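What follows is a set of notes on a single structure, which appears directly below.
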Amino acid sequence: MALSRLAPQLDQYRALTEGLAVVDRPNVGLLRVEGKDSVDLLDRLSTNDLAALAPGLGASTVLTTNKGRVIDLPTVVHMGDYLLVLCSKDAAARVSEWIDFYTFAEDVVVSDVTDQYSIAGIAGPLALATAQRLTGATAADLPPYGVVEADVAGVKAIVVRTDFLGTGTLDFIVAGSDGQAMRDALAGDAEFVGPEALEAVRIERGIPAFASELNEDHNPLEAGLIDSISFNKGCYIGQEVVARLNTYDKVQRRLAVLNWPTGPVSAKSVSIGDDVNGDGKVIGAITSVAAHPSGGFVGLAYVRRAYENAEVAIGPAGAIAALKPPDTGA
Amino acid sequence: MTTTSRPARKPLTISISEEAADHIRVFAAKSGKPDKDLRVSVKGGGCSGLTYTLDLESAGEDDKTIEQHGLRLHVPKKSYVFLAGTVLEYSGGLNGKGFVFNNPNAKTTCGCGTSFSV
């Protein structure tokens, strides 16, 4: 989308939080997983219960190492004769190799189809109703992680409720050549929103992103991904560690949202990797930072659990920031 | 002249103890498959990444076959690299674990013993 069409940051923020916003989704990778054993294999490799996946349904699930650390947080949707896996674009090769490595006698073939598609997302309180109107789908057709295929203004689209920015946000996946036509069709009463405002809302809602928060330094419970974990599905890679952390309440750190006002200490004084200090000691580290469109700054940090609702000092200059647990409600 | 003894090389075959072979035969008879062989393989999954599987069936294409204690073991080619040197044993008694894989390739093993990583 042309940057010249973008409204001021505050208007973009309001579209994301109070209305309807259209965003580019350049960080999403797409894998096509085919073969009769696809569901069973992905179920054995990831945290959520995928065994009951049926056409039209999907799930958010975490690929973890055997030490229970996060590889990626893909959304797996059942397209009828194949599975479409929406993963982090930068993790697509790793996810594909991971599935391939663990394919022995199974009938499973993975291919990276990211380059064949263009993806636009819609977010805001009106997003779900808008998707229903454009696709003819009912609310029941689009449960969390559900998928429908529809013609939207003459463009064939795969519409997935990925909840990428909290409840009720969706992705429209179209052939690469239809990308602009789809964005125009989605525009309607919506506001085009750029990456800065999108990042501010992601951070404000405590939604972890690949690399900055989702990486092999952290487990899914620290990242707040408990809704993407089944504790009664049986074994998957990393299950023993994740189950033990949960059962014995051994999670030491949690992802928390920080916000601090504009002042003598600006966002430039706080960088990713900076310490978070509480009671005069280091209690965590900053993982994401953004200027907030309505003023001040927001950040994410993994911090010791005792400080989830505390006031802390951040960065070399010791800016005072308020910590709170994530809230992903739209 | 001094000679140095080389460390014993890891055996590259897969073997089964006599007790385990006896239990396989009993199990095969009870399952109504006395004429079937034992197929030992690995699949993705389990807590540690790879899981052992035992089936009573005939050899698949590209399987490696080993005969020991009157029992034929078939191992799929792709599984073989993860199982080379493994001894399949049987742990009986009240505290027994049943069939046990003693796999020299396993770096970590999960609590229940059916999953491992290399």
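A few remarks follow.
- Given (1) of a type outside the set (Asp, Glu); (2) in a helix (DSSP H, G or I); (3) surrounded by fewer than 17 Cβ atoms within 10 Å (Cβ to Cβ), index of the condition A:Ser294 fails: (2)
- Residues of the range A:52-101 that are within 14 Å of chain B (Cβ to nearest Cβ) and open to solvent by less than 20 Å² (accessible area, probe 1.4 Å): A:Thr61, A:Leu63, A:Thr64, A:Thr65, A:Gly68, A:Ile71, A:Val95, A:Ile99.
- Only one of the listed residues (A:Gly80, A:Gly56, A:Gly68) is assigned to a loop (DSSP other than H, G, I, E, B) and in contact with a Pro (Cβ under 7 Å, 6 or more places away or on another chain). That residue is A:Gly80.
- Every residue from the range B:58-69 that is open to solvent by less than 70 Å² (accessible area, probe 1.4 Å) and modelled with pLDDT under 90: B:Ser58, B:Ala59, B:Gly60
- Qualifying positions in the range A:241-260 - touching a residue at least 40 places away in the same chain (Cβ under 8 Å) and either within 14 Å of chain B (Cβ to nearest Cβ) or among the aliphatic types (A, V, I, L, M) (or both): A:Val241, A:Val242, A:Leu245, A:Val251, A:Leu255, A:Ala256, A:Val257, A:Leu258
- The range B:13-47: number of residues that are part of a loop (DSSP other than H, G, I, E, B), touching a strand residue (DSSP E or B) at 6+ places or on another chain (Cβ under 7 Å) and either away from chain A (no Cβ under 14 Å) or free of Cβ contacts under 8 Å to residues at least 60 places away in the same chain (or both): 7
- Residue list for the range B:18-47, filter: under 30 Å from A:Asn66 (Cα atoms) and either modelled with pLDDT under 90 or open to solvent by 30 Å² or more (accessible area, probe 1.4 Å) (or both): B:Arg39, B:Lys43, B:Gly45, B:Gly46, B:Cys47
- Pick from the range A:12-41, criterion touching a strand residue (DSSP E or B) at 6+ places or on another chain (Cβ under 6 Å) and within 14 Å of another protein chain (Cβ to nearest Cβ), ranking: farthest from A:Ala140 (Cα to Cα): A:Gly35
- If you check B:Leu50, B:Leu73, B:Leu83 for being within 15 Å of the chain's Cα centre (by Cα), buried (at least 16 other Cβ atoms within 10 Å of the Cβ) and more than 14 Å from chain A (Cβ to nearest Cβ), only one passes: B:Leu73.
- Residue check for A:Val108: surrounded by 19 or more Cβ atoms within 10 Å (Cβ to Cβ), of a type outside the set (Gly, Ala, Ser) and out of contact with any Gly (no Cβ under 6 Å at 6 or more places or on another chain): no
- Subset of the range A:222-234 (residues that are open to solvent by 60 Å² or more (accessible area, probe 1.4 Å) and either within 14 Å of chain B (Cβ to nearest Cβ) or more than 21 Å from the chain's Cα centre (by Cα) (or both)): A:Phe231, A:Asn232
- From the list A:Val282, A:Val298, the lone residue that is of a type in the set (Val, Ile, Thr) and closer than 21 Å to A:Val251 by Cβ is A:Val282.
- Just so you know, in the range A:125-156 the residues that are of a type outside the set (A, V, I, L, M, F, W, C) and either touching a Lys or Arg at 6+ places or on another chain (Cβ under 9 Å) or within 14 Å of chain B (Cβ to nearest Cβ) (or both) include one that is least open to solvent (accessible area, probe 1.4 Å), and it is A:Gly146.
- Residues satisfying the stated conditions in the range A:164-205, i.e. of a type in the set (S, T, N, Q) and within 21 Å of the chain's Cα centre (by Cα): A:Thr167, A:Thr169
The values are calculated or read from the model by the stated rules, or taken from the named source; none is laboratory data. Keep in mind that this is a model prediction, so the values were computed, not measured. Counting neighbours? That spans all protein chains shown, and the Cβs are built from the backbone with ideal geometry, glycine included. Calculation scope for accessible area: heavy atoms of the full protein, side chains included, ligands and nucleic acids excluded. Shrake-Rupley method; radii C 1.70, N 1.55, O 1.52, S 1.80 Å.
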